[in-house]
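Presented below is the structure to which this report refers.
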Amino acid sequence: MIGELITGGLAAVRTPAWLTAGRIRQLQGEGPDRGEVPVERTHRALRSSIATLRLLGRVPLSPWRNTCLYRSIAACLALRALGRPAVLHLGVRSTGDAADIAAHAWVECPGA
């Protein structure tokens, strides 16, 4: 149980480095699949990564943000650390007006 909490927390802490180092593309390809991981372990790691980001995002002038991009990167890193083949997806949609653009980030992981 402690291992998943640490895995999720470390994934959240590492998130800004994945943005500033331009490594985000590595998360857009499928990660390694090291076999089945119990769902409870996966959920604990994901909850830990989100909770850590919420906390870090409140620190003034910190590089962490509680946005879908940061949450998705942290989730992808946590899932991959557990051996799940998680993939980060980025989407942008425009309604026709150049000023009205919506962007979103999410993670897909088979069986999760």
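The values are calculated or read from the model by the stated rules, or taken from the named source; none is laboratory data. All values reported here derive from a predicted model rather than from experimental measurement. Every residue, glycine among them, receives a Cβ derived from its backbone with ideal geometry; neighbour counts consider all protein chains shown. Areas reflect the complete protein model, heavy atoms only, side chains present, ligands, DNA and RNA absent. Shrake-Rupley method; radii C 1.70, N 1.55, O 1.52, S 1.80 Å.
From Cα pairs below 8 angstrom and at least 6 apart in sequence, can you work out the relative contact order of the chain, rounded to a whole percent? Provide the component values of the computation, followed by the final result.
Working: 183 pairs, mean separation 35.8, N = 112.
Relative contact order of the chain: 32 percent.
Determine the dipole magnitude for the chain: charges of +1 sit on the beta-carbon of Lys and Arg, -1 on that of Asp and Glu, nothing else is charged, the reference point is the Cα centre, and the result goes in debye to the nearest 20. Could you put the intermediate results ahead of the total?
Values: 14 positive and 8 negative charges, 76 e Å.
Charge dipole of the chain: 360 debye, to the nearest 20.
Per residue, how much accessible area does the chain have with a 1.4 Å probe, in Å²?
59 Å²
For the range 15-20, just list the computed ³J(HN,Hα) in residue order, Karplus coefficients 6.51, -1.76 and 1.60, θ = phi - 60°, integers in Hz, with x standing in for Gly and Pro.
3, x, 5, 6, 7, 6
At 7 Å along Cα-to-Cβ for each site, give me the label-to-label distance between residue 47 and residue 28 in nm.
3.3 nm
Given 88, 39, 9, which one lies farthest toward the positive end of the charge dipole of the chain, if we put +1 on the Cβ of every Lys and Arg and -1 on the Cβ of every Asp and Glu?
Checking the options against the dipole of the chain, the answer is 9.
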